[in-house]
Amino acid sequence: MNRYLRTLPPLETLITFEAVGRHSSFTGAAGELYLTQSAVSKQMRQLEACIGVPLFERKPRGVMLTPAAKELLITVNVLLTTMYQSVTRIRNVHQANAVSILATHALAQFWLFPKLIEFNKAYPDIAVHVHAINEFDEASLNDFDLGVLYGEGEWGSLNSDFLLPEIVYPVAHPSLDVSAIETLEQLVGANLVQIDTSAWHCLDWHQWFDHFGIDYTAPDKAPVFNQLTLAFRAVQQGMGIGLAWTFMGDEAVAKGELQRVTTFECVTGNGEFLVSAKHRKLSPCAEVFRQWILTSART
């Protein structure tokens, strides 16, 4: 017999168990899942029999999870979340009139989203599903039609088309007086909004200054954000001087919503590329979107 069939409980019992654990109540789970309380109770007895240990302590106002149940609930939450995300991505990839695309949070918010509005006007019958995540690689594209990946443009398993160069420069809110900051040495001593890039690949102030041959260490009291979008929001609110990429800063500077601080900018030689898996032919809708977004980027 298959080891999974022999060892693992039925999926519906795990779904019901997750609901019971969240509500601490058979009644609450039954209402959410449109089941009778007796059906929930029966499934939980089935789950306990399969696991071989008690999972619940019955209380007058609900149930309490045993230590074994709490341990199981952590695993079940991860399992169900992973399955849900995977099924959703796969479904999106194979929908006839849908396109799925993977991008970082900042690029999705500041560059891709405005273009999606225009694409929707031109192609209202094609639905675009955007999944934003900061840390991904070429293997991540297996469950998506397209992605916007940062790098040099060479990936063995991906087709790639150049979208945007990486150009990064300092900006501040117009209310901040930065007229006295003209050199990089003066910029080092200014109030700089920091980006914590320890969990993902992104330029920070240390790397930006290093591009110009200047050693920089952030002061202990500097404001730090672990998301580029949050750091940029802090700059927009006048918290300090921050780094802006052209795709997020150019329009704000042109509108007078932000001001550039010095004329220095870091051109890394890398960029954003529109990518797709070589082993899978794009659907007609994905190809329409690909051609449209490439044309939009070039104009």
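The values are calculated or read from the model by the stated rules, or taken from the named source; none is laboratory data. From a predicted model like this one, the values you see are computed outputs, not experimental measurements. Positions of Cβ are generated from backbone atoms using ideal geometry, with glycine treated the same way; all protein chains shown enter the neighbour counts.
Residues in the stretch 272-299 that are assigned to a helix (DSSP H, G or I) and among the hydroxyl-bearing types (Ser, Thr, Tyr): Thr295, Ser296. Would you please name the residue that is farthest from Lys70 (Cα to Cα), looking only at residues in the stretch 1-19 that are within 29 Å of the chain's Cα centre (by Cα) and among the hydrophobic types (A, V, I, L, M, F, W, C)? Going through the qualifying residues, I end up with Leu11. The number of residues in the stretch 152-190 being outside the structural domain of Asp220 (by TED's automatic domain parsing), closer than 24 Å to Phe209 by Cα and without any contact (Cβ under 8 Å) to a residue 12 or more places away in the chain comes to 0.
Residues are listed down the side, and each one gets a yes or a no for (1) closer than 29 Å to His129 by Cα; (2) without any contact (Cβ under 8 Å) to a residue 24 or more places away in the chain:
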position	(1), (2)
Glu18	yes, no
Gly31	no, yes
Ala39	no, yes
Gln46	no, no
Gly52	no, yes
Lys59	no, yes
Ser86	yes, no
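If only residues of the stretch 113-124 that are aliphatic (A, V, I, L, M) and free of Cβ contacts under 8 Å to residues at least 60 places away in the same chain are counted, the one that is farthest from Ile293 (Cα to Cα) is Ile117. In the set (1) in contact (Cβ under 8 Å) with a residue 12 or more places away in the chain; (2) on the phi > 0 side of the Ramachandran plot, Leu73 fails one condition alone, (2). Per the conditions (1) in a strand (DSSP E or B); (2) of a type outside the set (Lys, Arg); (3) at pLDDT 90 or above, the sole criterion not satisfied by Val63 is (3).
The residue list Val261, Val253, Val235 contains one member that is at pLDDT 95 or above and either touching a Lys or Arg at 6+ places or on another chain (Cβ under 8 Å) or in the same structural domain as Asp137 (by TED's automatic domain parsing) (or both), which is Val253.
Would it be correct to say that Ile167 is touching a Leu at 6+ places or on another chain (Cβ under 6 Å) and either more than 16 Å from Thr104 (Cα to Cα) or surrounded by 19 or more Cβ atoms within 10 Å (Cβ to Cβ) (or both)? Against the criterion (touching a Leu at 6+ places or on another chain (Cβ under 6 Å) and either more than 16 Å from Thr104 (Cα to Cα) or surrounded by 19 or more Cβ atoms within 10 Å (Cβ to Cβ) (or both)), Ile167 does not qualify.
Per the conditions (1) surrounded by fewer than 18 Cβ atoms within 10 Å (Cβ to Cβ); (2) part of a helix (DSSP H, G or I); (3) of a type outside the set (D, E, K, R), the sole criterion not satisfied by Pro54 is (2).
One residue is enough: does the stretch 256-275 have a residue meeting the conditions over 22 Å from Cys202 (Cα atoms), surrounded by fewer than 16 Cβ atoms within 10 Å (Cβ to Cβ) and polar (S, T, N, Q)? The answer is no; no qualifying residue exists. Against the condition surrounded by fewer than 16 Cβ atoms within 10 Å (Cβ to Cβ), acidic (Asp, Glu) and not in a loop (DSSP other than H, G, I, E, B), how does Glu48 come out, does it pass? So Glu48 fails the test.
In the set Ala132, Ala103, Ala127, Ala96, only one residue is within 21 Å of Phe247 (Cβ to Cβ), in contact (Cβ under 8 Å) with a residue 12 or more places away in the chain, surrounded by fewer than 18 Cβ atoms within 10 Å (Cβ to Cβ) and among the small types (Gly, Ala, Ser); that residue is Ala132. All of (1) part of a loop (DSSP other than H, G, I, E, B); (2) surrounded by 11 or more Cβ atoms within 10 Å (Cβ to Cβ); (3) touching a residue at least 24 places away in the same chain (Cβ under 8 Å) hold for Leu35 with one exception: (3).
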